[in-house]
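Chemist: Quick one: the structure is below, and I'll ask about it shortly.
Values quoted throughout were computed directly from the atomic coordinates according to the rules given, and no laboratory measurement underlies them. Quick caveat: nothing in here was measured; it's all calculated off a predicted structure. Cβ: placed from backbone, ideal geometry, glycine included. Neighbour counts: every protein chain shown.
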Amino acid sequence: FFFFFGMADDRVLREITRLMEIDFTYFFFILYREFTYPIHSHDVYELNFVENAAGVNRIVGDHHETIGDLDLVLITSPDLEHVWMQGDCKSDDIREITIQFKSDYRDNALFTKNPMRSIARMFQRAQKGLAFPPKAIMQVYPSLNKLSTIKDSFFAMREFLTILYELSTAEGARELSSSSFAKVDIDSESRRVLKIPAYVGKHYMDEIRLADLADLVGMTPSAFSR
């Protein structure tokens with residue numbers, strides 16, 4: 001298995017992926033002893049699963065942490081640099097599953113429909129890198145392993161969409177990089193919520209009611225509380 005890179009700047013390399021225009025996904029299933037490839041970015045989306053790699057350092061944008069035995073991260077930004085580095089990992093049985101794919105969810109009407117909207121929201125969050133908790137990882141673990149055994153591309157796509165849906169409805173996913181580093185624009189939902197601190201700053205001497213704040217942004221009190 002080989003990576004091919006083009007230079008992006010003095011330290012971040014641009015990966016030239018093997019995902020062709022007619023492909024829906026491209027899968028890598030790798031067993032190795034050491035992470036050796038450099039920090040990089042690429043134009044396609046990527047779901048990356050790593051097993052038996054406790055002690056490895058994961059860098060996504062300006063976020064850095066040491067991972068445990070299981071790690072699953074979704075990245076949907078073409079400019080977000082990332083890398084898994086060996087760190088203090090002593091394992092000689094590292095296993096990695098990488099799924100690269102393309103999506104036009106912003107322009108595709110399909111992603112405005114249930115249940116695809118939850119996947120679209122997840123893709124938006126994953127512009128900063130999205131790390132999933134162990135419970136969510138174990139939920140999709142059988143499907144990730146099953147992908148390597150599916151020969152028919154349609155059924156592989158169906159299994160992968162199931163993985164995406166289950167992850168999009170799982171609790172506890174964490175955004176990794178900061179918005180500014182990931183070059184993520186403030187979306188319309190965030191702009192709407194930004195009205196709240198402006199209102200509070202202006203009326204902090206007055207009685208401020210939850211219902212009034214919710215009404216300010218066109219939400220129910222319960223939705224606004226969440």
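Chemist: Once you charge only the Cβ atoms, +1 for Lys and Arg and -1 for Asp and Glu, what is the size of the charge dipole of region 81-165 about its Cα centre, to the nearest 20 debye? Working shown, then result.
Modeler: Numbers: 13 positive and 9 negative charges, 97 e Å.
Dipole size: approximately 460 debye.
Chemist: Next question. For the chain, what relative contact order do you get, as a whole percent, if you take Cα pairs closer than 8 Å and at least 6 residues apart? Please report the intermediate quantities before stating the final value.
Modeler: Numbers: 377 pairs, mean separation 41.4, N = 226.
Relative contact order of the chain: 18 percent.
Chemist: Next question. At 37 °C and 0.692 mPa s, what whole-number value in µm²/s does Stokes-Einstein give for the translational diffusion of the chain, with Rh from the Kirkwood sum over Cα pairs? Numbers along the way, then the final one.
Modeler: Working: Rh = 19.4 Å.
Once the numbers are plugged in, D ends up at 170 µm²/s.
Chemist: As I understand it, the dipole of the chain uses +1 on the Cβ of Lys and Arg and -1 on the Cβ of Asp and Glu, about the Cα centre. Which of Ala182, Ile59, Phe224 lies farthest toward its positive end?
Modeler: Phe224
Chemist: For region 31-151, what is Rg from Cα atoms divided by 2.2 N^0.38 Å, rounded to two decimals? Don't jump to the answer; show the numbers that get you there.
Modeler: Details: Rg = 14.9 Å, N = 121, 2.2 N^0.38 = 13.6 Å.
Here the Cα radius of gyration is 1.10 times the empirical estimate.
Chemist: Compute the longest continuous run of the chain that contains no exposed chymotrypsin sites (Phe, Trp or Tyr not before Pro); treat a site as exposed when its DSSP state is not H, G, I, E or B and it has at most 13 other Cβ atoms within 10 Å. Don't jump to the answer; show the numbers that get you there.
Modeler: On the way: sites that count: Phe1, Phe2, Phe4, Tyr204.
By the stated rule (loop sites, at most 13 other Cβ atoms within 10 Å), 5-203.
Chemist: Have a look at Phe101, Gly172, Leu194 and report the one farthest towards the positive end of the charge dipole of the chain, computed about the Cα centre with Cβ charges (Lys/Arg +1, Asp/Glu -1).
Modeler: Leu194
Chemist: Using just the helices of the chain, give the 222 nm mean residue ellipticity in deg cm²/dmol: DSSP H runs with n ≥ 4 each add -39,500 (n - 2.57), and the total is spread over all residues, rounded to 500. Each step should come with its number before you reach the end.
Modeler: Values: 8 runs with 71 residues, N = 226.
Roughly -9000 deg cm²/dmol at 222 nm, from the helical runs in the chain.
Chemist: Please state the charge dipole magnitude for the chain, taken about the Cα centre, from unit charges on C-beta atoms (+1 on K and R, -1 on D and E), reported in debye and rounded to the nearest 20.
Modeler: Working: 26 positive and 33 negative charges, 116 e Å.
For the chain, the charge dipole is close to 560 debye.
Chemist: Further question: Quote to one decimal, in nm, the extra length available between Ser143 and Asp88 on full extension: 0.36 nm per residue of separation minus the C-alpha distance between them. Don't skip to the end; give the middle numbers.
Modeler: Details: separation 55, 0.36 × 55 = 19.80 nm, distance 2.92 nm.
Separation in residues times 0.36 nm, less the Cα-Cα distance, equals 16.9 nm.
Chemist: Hey, another quick one. Provide, for q = 0.10, 0.17 Å⁻¹, the log10 of I(q)/I(0) from a solvent-free Debye sum over equal Cα point scatterers in region 97-226.
Modeler: The calculated log intensity ratios at q = 0.10, 0.17 Å⁻¹ are -0.47, -1.06.
Chemist: If the only charges are +1 at each Lys and Arg Cβ and -1 at each Asp and Glu Cβ, what is the size of the charge dipole of region 21-139 around the Cα centre, to the nearest 20 debye?
Modeler: On the way: 12 positive and 18 negative charges, 127 e Å.
With only Lys, Arg, Asp and Glu charged at Cβ, the dipole is about 620 debye.
Chemist: Quick one: length gained pulling Leu194 to Phe181 fully straight, 0.36 nm per residue minus the C-alpha distance?
Modeler: 2.7 nm
Chemist: Follow-up question, since we're still on this one. Of Thr112, Gln86, Leu147, whose Cα points farthest to the positive end of the dipole of the chain (charges on the beta-carbon: +1 Lys, Arg; -1 Asp, Glu; origin at the Cα centre)?
Modeler: It is Thr112.
Chemist: Using 0.36 nm per residue of separation minus the Cα-Cα distance, give me the extension gain between Ile39 and Asn52 in nm, one decimal.
Modeler: Values: separation 13, 0.36 × 13 = 4.68 nm, distance 2.07 nm.
That works out to 2.6 nm of additional length.
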